[in-house]
Amino acid sequence: MTYFTWKEEGLTNDCETLDSMAARFEESASLMRKMASDGFKVEKRNNKQIITHMDSKIFNDWGFVSEEPPYQQLTLILEEEKQ
């Protein structure tokens with residue numbers, strides 16, 4: 001019997017059917033498209049893909065927490081205040 005291993009567990013781990021897996025992917029794709037239209041970008045840093053946004057207010061409005069080191073977060077705030 002031919003088969004393949006599904007390696008993405010985080011997104012579909014609780015799905016019991018292919019239809020529920022497809023629905024989960026469709027929901028995720030819709031969210032990713034909305035993020036892209038709002039200016040979010042995917043960048044590769046240190047062999048990891050991260051999601052970024054140039055406007056920290058929009059980033060925060062989406063409910064994301066910045067993973068930038070605290071000194072860089074403060075630098076960004078200071079730069080915004082100067083403008």
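Before moving on, here are some points about what is shown:
- Residue match in the range 43-59 (condition: open to solvent by 70 Å² or more (accessible area, probe 1.4 Å), touching a Ser or Thr at 6+ places or on another chain (Cβ under 7 Å) and assigned to a strand (DSSP E or B)): no
- Hits in the range 7-28 - residues which are farther than 24 Å from Glu67 by Cβ and open to solvent by less than 100 Å² (accessible area, probe 1.4 Å): Thr12, Cys15, Thr17, Ser20, Met21, Ala22, Ala23, Arg24, Phe25
- Residue that is modelled with the lowest pLDDT, among those in the range 60-83 that are assigned to a loop (DSSP other than H, G, I, E, B) and surrounded by 10 or more Cβ atoms within 10 Å (Cβ to Cβ): Glu68
The values are calculated or read from the model by the stated rules, or taken from the named source; none is laboratory data. No experiment lies behind these values; they were computed from the predicted model shown. We place every Cβ from the backbone using ideal geometry, glycine too, and count neighbours over all the protein chains shown. Quick note on the areas: whole protein, heavy atoms, side chains included, nothing else; ligands and nucleic acids left out. Shrake-Rupley method; radii C 1.70, N 1.55, O 1.52, S 1.80 Å.
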